[in-house]
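Undergrad: The structure's right below; bear with me while I get my questions together.
Computed from the coordinates by the stated procedures, all read-outs in this text should not be read as laboratory data. Note that the coordinates shown come from a computational prediction; the quantities given were computed from them, not determined experimentally. So basically every Cβ, Gly included, is an ideal-geometry build from the backbone, and we count neighbours across all protein chains shown.
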Amino acid sequence: MIIRILLLSMTLFLTSCYYKTDYAPTINSENFVEVLVGDSVSSLKGLLGTPYNVKILDGGISELHYIERLEIYGERTDQINYYFLVKDGEIIDKYFREERENFKLYAE
């Protein structure tokens, strides 16, 4: 009986480690361009999903953060951070920042 309980507990624990998130799996420059200043937050989330992070700024403005990770040769080398500034449920501005990670193309 104790073994069955332990097996059931282990199974539940291991299956709880895998879950589907609704973070934006397909954000890219094309999707970023599709979102226009003046669009609603609901249309943004309908296109891109739930943001990676939401930061509350001064003046009732929220900053929604989405991430695109680009890989070369199986290693993460670039990350593009997309930001949407929202006030009263409407996008008032948007911008992005690119981060690069150094890597070697050959072994020494």
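Undergrad: Can you put I27, I56 in order, fewest other beta carbons within 10 Å first? The partial results should precede the final answer.
TA: Working: I27 23, I56 8.
Ranking I27, I56 by Cβ neighbours within 10 Å, fewest first, gives I56, I27.
Undergrad: For the charge dipole of segment 21-100, defined by +1 on Lys and Arg C-beta atoms and -1 on Asp and Glu C-beta atoms about the Cα centroid, which residue among T50, T26, L70 has the Cα displaced farthest towards the positive pole?
TA: Selected residue: T50.
Undergrad: With +1 on each Lys and Arg Cβ and -1 on each Asp and Glu Cβ, how big is the dipole of segment 21-100 about its Cα centre, in debye rounded to the nearest 20? Walk me through the numbers before you get to the answer.
TA: Details: 8 positive and 15 negative charges, 28 e Å.
That gives segment 21-100 a dipole magnitude of about 140 debye.
Undergrad: Most exposed first by the Cβ proxy, i.e. fewest other Cβ within 10 Å, how do D78, D88, D39 rank?
TA: The most exposed by this proxy come first: D88, D78, D39.
Undergrad: Counting other Cβ atoms within 10 Å, which chymotrypsin sites (Phe, Trp or Tyr not before Pro) in segment 36-90 have at most 12 and lie in a DSSP loop?
TA: Y73
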